[in-house]
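One structure is given below, encoded as structure tokens.
What follows draws every value from the coordinates through simple rules; no lab data is involved. Just so you know, these numbers come straight off a predicted model, no measurement behind them. Ideal geometry is used to build each Cβ from the backbone, glycine not excepted, and the neighbour counts take in all protein chains shown.
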Amino acid sequence: MTLDFRVYHLPLRNPFTISRYTVTVQQTVIAIISDGEVSGYGEATANPYYDSTVEKLSEGISKVAPIISEIGLVPPDEFWKIIFPHLHDNYFALCAIDVAYWDYYARRNNRTLRSYWSDGNEKLPMTSFTIGLDTLEMMKQKIAENPWPIYKIKLGSKDDDMRIVEELRKTTDAVFRVDANAAWNAQQAIQFSHILKDLNVEFIEQPLPASERDGKRSVKAESALPVIADESCQREEDVLACADTFHGINIKLMKCGGITPALRMIREARNVGLSLMVGCMTESTVGISALAQLAPLLDYLDADGALLLAEDAASGVTFREGTIVSRATSGSGAHL
């Protein structure tokens with residue numbers, strides 16, 4: 001097998017703003033594992049919050065390419081154990097390679113990726129569509145231009161957050177989920193939760209900074225809405241801690257190192273009674289097609305990253321008013 005990669009600079013339809021930064025062009029790296037006949041694809045993006053750069057991703061993938069050339073067709077969990085020691089400090093690159101191998105492994109066995117954990121009879125969650133922080137007029141315009149049954153509303157302006165949701169609620173009856181991206185304190189989160197519940201918000205994602213442990217316990221105990229961990233749940237070792245401070249977790253493949261550890265996190269989260277969401281970065285259809293395969297195991301899905309792009313790097317899984325549309329006959333169905 002060979003391991004290669006390609007770098008893409010993908011312009012967004014609109015500037016995408018959260019509480020920490022704004023993105024107009026998404027840099028992303030696509031890992032490709034191939035035997036000359038069958039190829040599998042995985043993805044990791046540049047992300048300043050997680051210190052992921054194109055250079056770091058490229059170095060990580062190049063580092064393990066000679067090792068992968070010596071590996072035969074082994075189960076994905078065995079493959080992950082082989083490459084993990086070489087990328088234990090580069091989880092985004094680890095993810096791109098792990099997902100590429102899962103895709104290759106499934107295609108080589110002429111199976112869809114989801115068939116390894118799904119019998120195809122589960123009711124799949126619909127994905128939300130994200131409305132990034134912007135002027136109120138622009139946020140309303142994005143909703144009008146993108147009719148959707150579920151919206152994730154990015155907040156973090158603090159003083160205006162409740163007014164934003166109140167005004168957006170006037171434009172649609174769709175389900176709202178709010179994501180503060182760690183911008184609130186415990187008192188704000190508890191107070192806001194009661195207001196948001198009256199505005200038909202389903203849950204709050206990561207209201208507090210990941211480092212604020214005591215405040216998270218207070219919020220879980222006193223919030224009027226379920227609270228879902230994002231920045232507080234990056235890797236496998238975070239799941240048990242989140243059981244004390246959150247009602248659910250948002251797993252992101254790039255943060256945890258790929259599909260292999262994500263499956264372990266899903267099992268552990270179910271064992272401790274946490275609800276489950278898998279989320280995305282602003283990424284191409286390569287990454288979205290892979291994470292959408294996990295939908296049968298989830299309560300919630302946030303897989304709209306490619307919908308925010310003006311130009312994509314691939315075709316594959318799409319969404320029709322929130323519902324997954326997949327024509328994959330093997331692997332994830334993604335093609336560059």
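Cβ-Cβ distance of Met138 and Arg327, R₀ of 35 Å, FRET efficiency by 1/(1 + (r/R0)^6): the value works out to about 0.55. By definition, a body whose alpha carbon gyration tensor gives a ≥ b ≥ c is prolate when a/c is 1.5 or more and a/b is larger than b/c, and the range 2-110 fits this prolate description. Normalised by the number of residues in the chain, the average gap of Cα pairs under 8 Å and 6 or more apart makes the relative contact order 19 percent. What the phi angles of the range 138-155 give under the Karplus curve with 6.51, -1.76 and 1.60, with θ = phi - 60°, is a coupling list of 5, 5, 5, 5, 5, 5, 5, 7, 10, x, 8, x, 9, 10, 9, 9, 7, 10 Hz, glycine and proline written as x. Distance from the C-alpha centroid of the range 200-245 to that of the range 47-70: 30 Å, rounded to the whole angstrom. Annotation: amide H of Glu283 within the under-5 Å range of Gly305, Ala306, sequence separation 5 or more or interchain, hydrogens built in the peptide plane.
Over every Cα atom in the range 115-325, the radius of gyration and the widest Cα-Cα span, Dmax, amount to 16.5, 47 Å.
Computed from phi, the 3J(HN,Hα) profile of the range 297-312 under the Karplus parametrisation 6.51, -1.76, 1.60 (θ = phi - 60°) reads 9, 10, 9, 9, 9, 10, 10, 9, x, 6, 5, 8, 8, 7, 9, 10 Hz, with x in place of Gly and Pro.
Cross-link check: pairs Lys152/Lys197; Lys123/Lys170; Lys152/Lys255 evaluated at a Cα-Cα cut-off of 26 Å; pairs beyond the cut-off: Lys123/Lys170. Ordering 223-235, 73-85, 322-334 by mean Cβ neighbour count within 10 Å, with the highest value first, yields 223-235, 322-334, 73-85. Taking 0.36 nm per residue of sequence separation and removing the Cα-Cα distance, the Ala221/Lys63 pair yields an extension gain of 52.3 nm. As an exercise, use a Förster radius of 35 Å and the Cβ-Cβ distance of Lys123 and His9 to find the FRET efficiency, rounded to the nearest 0.05. That gives a FRET efficiency of 0.40. Top mean-square fluctuation among Gly60, Gly248, Gly258, Gaussian network model of the chain, C-alpha springs under 10 Å? Top of the fluctuation ranking is Gly60. Residue separation of Asn200 and Lys81 scaled by 0.36 nm, minus their Cα-Cα distance, works out to 38.5 nm of gained length. Near Phe129, the amide H atoms lying under 5 Å from its own belong to Ile150, Tyr151, Lys152; only residues 5 or more places off or on other chains count, and H is placed 1.01 Å from N.
With θ taken as phi - 60° and the Karplus curve 6.51 cos²θ - 1.76 cosθ + 1.60 applied, the whole-hertz 3J(HN,Hα) list for the range 86-91 is 8, 10, 5, 10, 8, 5 Hz, x standing for glycine and proline. Rounded if a/c is under 1.5, else prolate if a/b is larger than b/c, else oblate: which is the range 52-170, with a ≥ b ≥ c the root eigenvalues of its Cα gyration tensor? Since a/c reaches 1.5 but b/c is at least a/b, the shape of the range 52-170 is classed as oblate. Using a cutoff of 8 angstrom between alpha carbon atoms and counting only pairs six or more residues apart, the relative contact order for the range 235-336 works out to 22 percent.
For Arg13, the residues 5 or more places off, or on other chains, whose built amide H falls under 5 Å of its own are Leu309, Ala310.
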